[in-house]
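One structure below.
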Amino acid sequence: MSTTAQGAEQELSTDVVVVGAGLAGLWAALSAAQAGVNVMLLTAGSMQAGSSYWAQGGIAAALDDEDSPELHAADTLAAGRLACRRSAVEVLCQEIPESVGQLERLGVRFDRHPDGRLALAREGGHRGRRVAHAGGSATGQELVEALSSHVAGHPRIHVLEHTMVQSLWVHDGRCVGVAARLKRDDCLRVKARATIVATGGAAALWQRTTNPRGATGTGWLLAYAAGAALADLEFVQFHPTALVGQDGSDGFLLTEALRGEGALLLGRGGERFVDELAPRDEVALAIAGELRDHPHAAVVLDLRDVPLQGFPNIAAALAHEGLDPRHDPVPVAPAAHYAMGGIVTDLHARTSVPGLYAVGECACTGLHGANRLASNSLAECLVFGRRAGMAAVCEPAAPASSAAPIRAPWPTLTDATRERLWRHAGVQRDADGLGRLLNDPYPLARLIAASALARCETRGAHQRRDYPDTSPALDFRHFVVAQDSPLRIEAWD
Ligand code: SIN
């Protein structure tokens with residue numbers, strides 16, 4: 001241990017360091033540890049605080065006798081609007097049924113019918129019932145609690161909570177670990193043969209969001225500063241049915257599974273205006289259209305005919321808001337929900353920087369294209385989390401001596417930036433508004449704006465007012481940004 005101006009500085013070493021304790025980080029950590037190496041898992045908060053914990057959607061997997069990975073892949077590709085990387089779609093749809101089996105063997109109890117069959121839910125864009133839940137709409141909580149206890153009890157995994165990673169440790173172009181700050185301002189470096197970033201999403205960069213406040217793209221900032229490429233930053237999904245309510249409950253997610261059980265969307269005049277089970281982009285755009293002249297208003301989610309026993313946290317949140325869904329109209333409107341883009345990876349979660357991996361929402365395998373299919377995100381955390389853990393153990397050892405990590409100052413995200421992103425990079429956008437974001441003080445706002453400006457077309461989750469059509473020339477093309485190089489367009493196998 002050495003001492004710096006800020007406090008004590010400690011250096012630890014391990015085989016694999018995982019940053020983030022959501023589903024992707026937990027599963028990657030367990031996979032690497034089960035393969036026989038030592039793992040250190042760092043999380044900025046406590047083990048049960050991130051987006052995965054709050055996830056209401058389940059795990060999309062072809063588990064029904066009449067379903068197949070091929071049909072799941074076809075629905076994923078259709079939702080992604082000719083922008084998915086087909087190889088990532090195939091990997092996900094083929095491997096996810098086995099991941100569900102692995103979770104069951106670890107003690108996760110998926111919801112079942114009285115006769116023992118899995119109780120699969122229907123969500124938008126799926127041709128049939130394909131979504132497995134555990135604890136109904138509290139699936140994220142069930143999964144994170146179950147896996148956290150396996151991680152905490154694993155003899156080869158060491159967990160450090162309240163540990164904020166400040167930068168990735170890069171030596172000779174290779175990632176050799178992380179630099180972090182602990183409580184009381186003590187500094188820590190962790191040296192590792194592989195570093196897996198699993199820091200979650202970025203939708204809380206937008207003012208109106210379904211995400212917890214911390215989902216602001218920290219992994220993107222870390223990876224970009226380390227030289228890794230980011231892609232598809234312009235593809236942000238807006239969930240159609242987020243509660244319009246008071247501060248604190250505004251943006252609360254009302255899961256698509258409610259619509260799978262018969263919830264209806266009613267316009268300002270009380271009439272239906274969209275197929276409630278169309279893919280998410282279609283429903284969000286239809287609502288945005290309905291609210292065009294009333295941007296602060298809401299449409300109604302009619303839950304009168306939906307049995308809410310399978311949605312315990314929704315029943316509780318609505319009661320807290322003073323709403324009785326058996327009688328009261330529930331006001332909803334779109335909110336930023338999921339970043340399809342992120343740190344570019346291959347099919348084993350490797351980024352463009354040797355030794356650095358990314359998995360979960362912070363990563364961009366190309367799986368989701370321009371519009372993620374509902375409940376493919378927890379599935380992604382499992383399939384690619386496992387692949388990351390397995391690949392990471394094969395990395396060569398980190399060099400014994402390496403220059404100290406650079407601790408760059410962390411940029412400050414303000415409410416003004418969040419408001420600007422909502423106003424100028426929302427469901428509907430144009431060059432004029434996006435251009436204003438190019439000078440925003442927050443670096444990610446500038447990168448998102450540059451990518452969204454370059455994509456001169458309407459596709460998936462967003463509608464360009466100035467380019468209302470989809471450009472066939474941009475089918476299966478990804479916009480990639482990296483430090484010190486101009487934005488480039490790539491096609492991925
Ligand atoms: C939902 O349940 O509607 C959200 C789940 C997801 O984002 O896939």
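List of remarks:
Listed here are the residues, each with its yes/no results for (1) of a type outside the set (A, V, I, L, M); (2) exposed (fewer than 15 other Cβ atoms within 10 Å of the Cβ); (3) closer than 25 Å to Ala333 by Cβ.
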{"residue": "Thr417", "(1), (2), (3)": "yes, no, yes"}
{"residue": "Val427", "(1), (2), (3)": "no, no, yes"}
{"residue": "Leu437", "(1), (2), (3)": "no, no, yes"}
{"residue": "Pro441", "(1), (2), (3)": "yes, yes, no"}
{"residue": "Ala452", "(1), (2), (3)": "no, no, yes"}
{"residue": "His462", "(1), (2), (3)": "yes, no, yes"}
{"residue": "Tyr467", "(1), (2), (3)": "yes, no, yes"}
{"residue": "Thr470", "(1), (2), (3)": "yes, no, yes"}
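Conditions tested, residue by residue: (1) of a type in the set (A, V, I, L, M, F, W, C); (2) away from the ligand (no atom under 13 Å from the Cβ); (3) in contact (Cβ under 8 Å) with a residue 40 or more places away in the chain.
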{"position": "Arg109", "(1), (2), (3)": "no, yes, no"}
{"position": "Arg112", "(1), (2), (3)": "no, yes, no"}
{"position": "Gly125", "(1), (2), (3)": "no, no, yes"}
{"position": "Arg129", "(1), (2), (3)": "no, yes, yes"}
{"position": "Ala132", "(1), (2), (3)": "yes, no, yes"}
{"position": "Ala138", "(1), (2), (3)": "yes, no, yes"}
{"position": "Val144", "(1), (2), (3)": "yes, yes, yes"}
{"position": "Ala152", "(1), (2), (3)": "yes, yes, yes"}
{"position": "Arg156", "(1), (2), (3)": "no, yes, yes"}
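- Residue match in the range 379-392 (condition: touching a strand residue (DSSP E or B) at 6+ places or on another chain (Cβ under 8 Å), of a type in the set (Phe, Trp, Tyr) and surrounded by 24 or more Cβ atoms within 10 Å (Cβ to Cβ)): yes
- Within the range 194-211, residues that are surrounded by fewer than 24 Cβ atoms within 10 Å (Cβ to Cβ) have Cβ atoms under 9 Å from residues that are of a type in the set (Asp, Glu) and in a loop (DSSP other than H, G, I, E, B) in these pairs: Arg208/Asp250, counting only partners at least 6 apart in sequence or on another chain.
- Extreme residue, surrounded by the fewest Cβ atoms within 10 Å (Cβ to Cβ), among residues of the range 145-157 that are under 14 Å from Ser46 (Cα atoms), in contact with a strand residue (DSSP E or B) (Cβ under 9 Å, 6 or more places away or on another chain) and of a type outside the set (S, T, N, Q): Ala152
Yes or no, residue by residue, for (1) outside any loop (DSSP other than H, G, I, E, B); (2) small (Gly, Ala, Ser):
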| residue | (1), (2) |
| --- | --- |
| Ala78 | yes, yes |
| Leu103 | yes, no |
| Gly124 | no, yes |
| Ala134 | no, yes |
| Glu142 | yes, no |
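- Complete set of residues in the range 82-101 that are outside any loop (DSSP other than H, G, I, E, B) and of a type in the set (A, V, I, L, M): Ala88, Val89, Val91, Leu92, Ile96, Val100
- Counted residues, the range 358-398 - those being farther than 21 Å from Ala203 by Cα and of a type outside the set (Asp, Glu): 13
- Taking the range 36-68 as the range and being under 19 Å from Val190 (Cβ atoms) and of a type in the set (A, V, I, L, M, F, W, C) as the test, the residues that pass are Val37, Val39, Met40, Leu41, Leu42, Ala44, Met47.
- Annotation note: Cβ proximity below 7 Å between a residue of the range 367-378 that is farther than 13 Å from Cys93 by Cα and a residue that is outside any loop (DSSP other than H, G, I, E, B) and more than 11 Å from the ligand (Cβ to nearest atom) (sequence gap 6+ or interchain) occurs for Ala370/Arg459; Asn371/Asp281.
- Across the range 41-76, the qualifying residues are those that are in a helix (DSSP H, G or I) and modelled with pLDDT of 90 or more, and the one among them that is surrounded by the fewest Cβ atoms within 10 Å (Cβ to Cβ) is Glu70.
- Only listed residue being touching a Ser or Thr at 6+ places or on another chain (Cβ under 8 Å), within 13 Å of the ligand (Cβ to nearest atom) and touching a residue at least 40 places away in the same chain (Cβ under 8 Å), chosen from Leu254, Leu277: Leu254
- Within the range 274-356, strands (runs of 3 or more DSSP E) holding 1 or more residues that are farther than 29 Å from Ser31 by Cβ and more than 20 Å from the chain's Cα centre (by Cα): 299-302, 330-339
- Residue check, Ala284 closer than 21 Å to Ala425 by Cβ and modelled with pLDDT of 95 or more: yes
The values are calculated or read from the model by the stated rules, or taken from the named source; none is laboratory data. In this text, all values refer to a predicted model and were calculated from it rather than measured experimentally. Glycine gets a Cβ as well: all are built from the backbone with ideal geometry, and neighbour counts include every protein chain shown.
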